[in-house]
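Okay, so here's the structure we're looking at.
The values are calculated or read from the model by the stated rules, or taken from the named source; none is laboratory data. These figures come from a predicted structure and were not determined experimentally. Methodologically, a virtual Cβ is constructed for each residue, glycine included, from the backbone with ideal geometry; neighbour enumeration extends over all protein chains shown.
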Amino acid sequence: MTVRVPPDILKQVKGIAIRTRGVIDTLFAGESRSMFRGQGMEFAEVRGYEHGDDYRAIDWNVSARLGSPYVKTFTEERELTLLLVVDQSGSTRVGDPVARSARATEIAAVLALAGVREQDRVGALMFTDRVEHVVRPAKGRRHALRLIRDLLAFEPAHSGTDVAAAIAFASKVLRHRGVVVLVSDFQDGEWDRPLRQLASRHDVTCVTIDDAREAAPTAEGWFEFEDPESGQRALVDLGDGAVRARWKALAGARALERNQRLRAAGVRHLAVDVGEDYAALLRRAFSPRRKRGRRR
C-alpha cells in the first residue's frame, strides 16, 4: 500500500516529534538502560573454568564429559524488535478532547522514538477488520519518523475491527522474541486465545484508550448516537435517570470484563483516558527496573 503524504502531514510529523521529546526524556530520566530492555540473557558458549568464575555457572554435564570444569557464558540480548499494533477502526475515530486514534498515534510515536533511541528495530501495523498497512521493523530515527508519518497519513478503507487477525499477523512478522504493544479498544469478539498465544512467545503490552464521556456521560436530553463501525443509529434520552444509570452499569461491566480478559491472557495492561497525561503511565509500565519478558 502506498501512502500519499500531504505537506501538512509532514508538518505534523515534525510537530509530534518535538512535542513528544520531553515525554521520552522523562521516560529515560535517571535510567542507563532502555525502557524495552530486560529480555533476559542469551547463551553464548561454554569455556574452561577460570579463577574467579562463579561456580553457579559451571556446566556439570560438559565438565563430567571432558574431565575438567567448564562454565556457561551469556550475553545480554541487545538487539530488540518492537512492534506497534495500532487499531484504526471506526470506534477509534471518536473521543474528547482528542480522538482515540490521535492519542494512539501519539503514544505509538513516543514508543517508536524511544525504541530507535536505544538502537532497537521498530515496526508497526495498522488494522481494522483486516491488516491494512505494515511498516516492517528497522532501525534509525528516519525510519521512526516515516512510521509516524504513515500513522498520521493513514486513511482506513474499512471501519470494522478484528483484533485476532491483527494478532495473527503480528506473530508472523516477529520471527524471534520481541516486544509487542497492541493499542485497541478491544470491542470486537474472540481475541483471548490468540492474545494468550502471542504473550507466550513475546513481551506483550495492551494499551486501551478510553473516553470518560462514554462511561459516564455528563450531557442531558435526547441524543442520536451512531455506531462508527456498523452505522446503526439510536435515540437515547440521557435526561432519564434510569437510562443514565443503566448506561453507566453497562459501560462499567463491559470495561471490567475486558480488563479481566486481558489479565487472563497474561499481558501487561495499560489503561489510558484520552483526556489524561499518559507520560507517567508509560514510565510505570515500561520501567527497565521491572522484571518482564521472562523466558517461558
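What number goes with the only condition from (1) over 26 Å from residue 165 (Cα atoms); (2) in a helix (DSSP H, G or I); (3) modelled with pLDDT under 90 that residue 288 does not pass?
The failed condition is (2).
Name the residues in region 229-247 that are touching a helix residue (DSSP H, G or I) at 6+ places or on another chain (Cβ under 7 Å) and exposed (fewer than 14 other Cβ atoms within 10 Å of the Cβ), would you?
237, the sole residue that qualifies.
When the residues of region 67-98 are filtered to those that are surrounded by fewer than 23 Cβ atoms within 10 Å (Cβ to Cβ), in a strand (DSSP E or B) and touching a helix residue (DSSP H, G or I) at 6+ places or on another chain (Cβ under 7 Å), which remaining residue is modelled with the lowest pLDDT?
Checking each candidate, the answer is 72.
Hey, among the residues in region 157-173 that are in a loop (DSSP other than H, G, I, E, B) and out of contact with any helix residue (DSSP H, G or I) (no Cβ under 8 Å at 6 or more places or on another chain), which one's surrounded by the most Cβ atoms within 10 Å (Cβ to Cβ)?
The extreme case among them is 162.
State all residues of region 234-269 that are modelled with pLDDT under 90, under 26 Å from residue 190 (Cα atoms) and small (Gly, Ala, Ser); if no residue qualifies, say none.
Within region 234-269, 234, 251 qualify.
Out of (1) in contact with a helix residue (DSSP H, G or I) (Cβ under 6 Å, 6 or more places away or on another chain); (2) over 29 Å from residue 83 (Cα atoms); (3) at pLDDT 90 or above, the odd one out for residue 215 is which?
Going through (1) in contact with a helix residue (DSSP H, G or I) (Cβ under 6 Å, 6 or more places away or on another chain); (2) over 29 Å from residue 83 (Cα atoms); (3) at pLDDT 90 or above one by one, residue 215 breaks only (3).
Does region 135-149 contain any residue that is under 20 Å from residue 269 (Cβ atoms), touching a strand residue (DSSP E or B) at 6+ places or on another chain (Cβ under 7 Å) and in the same structural domain as residue 12 (by TED's automatic domain parsing)?
No, region 135-149 contains no residue that is under 20 Å from residue 269 (Cβ atoms), touching a strand residue (DSSP E or B) at 6+ places or on another chain (Cβ under 7 Å) and in the same structural domain as residue 12 (by TED's automatic domain parsing).
List the pairs whose first member sits in region 264-283 and is assigned by TED's automatic domain parsing to the domain that holds residue 105, whose second member is of a type outside the set (S, T, N, Q) and assigned to a loop (DSSP other than H, G, I, E, B), and whose Cβ atoms are under 6 Å apart, counting only residues at least 6 apart or on separate chains?
272/278; 274/95; 274/98; 274/211; 275/97
So, in region 142-161, of the ones that are more than 18 Å from residue 122 (Cβ to Cβ) and among the small types (Gly, Ala, Ser), which residue ends up modelled with the highest pLDDT?
157
Confirm whether residue 49 is more than 28 Å from the chain's Cα centre (by Cα) and surrounded by 14 or more Cβ atoms within 10 Å (Cβ to Cβ).
Yes, satisfied.
So residue 146 fits all but one of (1) part of a loop (DSSP other than H, G, I, E, B); (2) surrounded by fewer than 20 Cβ atoms within 10 Å (Cβ to Cβ); what number is the exception?
(1)
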